[in-house]
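Down below is the structure, laid out as structure tokens.
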Amino acid sequence: MRRTDAARQLGGFVREHRTDGGRRLVQAGVMSTVGAAGLAFGIPVALASVGTTDGAPELAGLLLGIGLVGLGLGIWRFVQGFRTREQSFDVHERGLTHRVAGAATLIPWEDIASVGAHGDDGRPLAEARGMGFACVIRLRDGRAIRVDSFTADAPELARTTHAAVHLGRLPQGRGRPRRPPAA
């Protein structure tokens with residue numbers, strides 16, 4: 001669906017928020033590589049440490065743990081990356097267009113049940129890992145759309161959606177005069 005078709009149904013276009021799928025896939029590749037290396041070194045160390053009680057079993061456990069966690073997280077990011085490839089959110093005056101892999105879903109503000117967001121994750125490198133900010137947009141039909149730090153200006157998308165759904169402050173499209181706030 002083209003933006004002009006969406007604009008006819010959801011009002012004027014306000015802004016676009018693209019998800020950086022490439023960064024997500026690079027992260028998946030790094031995690032998988034670390035995991036594979038951990039397993040590649042951990043398995044031989046574990047086999048060599050059978051029957052010993054010195055430091056080899058602990059080293060084997062560490063390497064195998066790093067391998068399994070890294071590979072698991074890498075696979076999870078790959079799945080997430082492919083499920084949300086080419087994802088973007090178009091904000092319109094009367095709703096959102098959620099695009100994923102060429103398919104577009106029009107979501108009027110009335111179809112959104114709740115917007116829950118949390119951010120400012122204090123963990124090191126949380127933003128780089130895509131975990132610094134998270135938002136869940138719950139629809140009235142039970143579906144949930146997740147937005148994370150891989151989406152450009154995700155906090156602004158969450159604020160705009162929250163203001164439209166819960167406060168009745170609809171965003172203004174491009175080229176439209178600003179209406180004074182209702183008293």
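Calculate, for Glu16 and Ala40, the FRET efficiency according to 1/(1 + (r/R0)^6) with r their C-beta to C-beta distance and R0 45 Å; round to the nearest 0.05.
Numbers: r = 42 Å, r/R0 = 0.94.
Efficiency, from the Cβ-Cβ distance: 0.60.
Distance between the modelled labels on Thr105 and Gln172, one decimal in nanometres: 3.1 nm (7 Å Cα→Cβ projection). Could you pull the accessible area for Leu167 with a 1.4 Å probe, rounded to 10 Å²? About 100 Å², rounded to the nearest 10.
Multiplying the sequence separation of Arg159 and Ser114 by 0.36 nm and subtracting their Cα-Cα distance, what value in nm do you get? Show your work: numbers first, answer last.
Values: separation 45, 0.36 × 45 = 16.20 nm, distance 1.21 nm.
Taking 0.36 nm per residue and subtracting the Cα distance, the gain is 15.0 nm.
Structural size metrics of region 1-86, computed from C-alpha coordinates, are Rg and Dmax of 21.8, 72 Å.
Extent of region 132-176 along its three principal axes (Cα atoms, max minus min coordinate, largest first): 31, 26, 15 Å. If the Kirkwood radius is taken over C-alpha pairs of region 17-173, then at 20 °C and 1.002 mPa s the Stokes-Einstein diffusion coefficient equals 120 µm²/s. Once the C-beta distance of Val50 and Val30 is scaled by a Förster radius of 35 Å, the resulting FRET efficiency is 0.65 to the nearest 0.05.
Placing dummy labels 7 Å off each Cα toward the beta-carbon, the span from Gln9 to Ala152 is 2.4 nm.
For region 39-97, applying the loop criterion from DSSP together with a ceiling of 15 other beta carbons within 10 Å to the GluC sites (Glu not before Pro) yields Glu86. Only Lys, Arg, Asp and Glu carry charge here, each on its Cβ (+1 for the first two, -1 for the last two); on that basis region 1-113 has a dipole of about 480 debye about its Cα centre.
The values are calculated or read from the model by the stated rules, or taken from the named source; none is laboratory data. This one's a predicted model, so the numbers in the text were calculated from it and none came from an experiment. FYI the Cβ positions are ideal-geometry reconstructions off the backbone, even for glycines, and counts take in every protein chain you see. Ligands, DNA and RNA are excluded from the accessible area calculation, which covers all protein heavy atoms including side chains. Shrake-Rupley method; radii C 1.70, N 1.55, O 1.52, S 1.80 Å.
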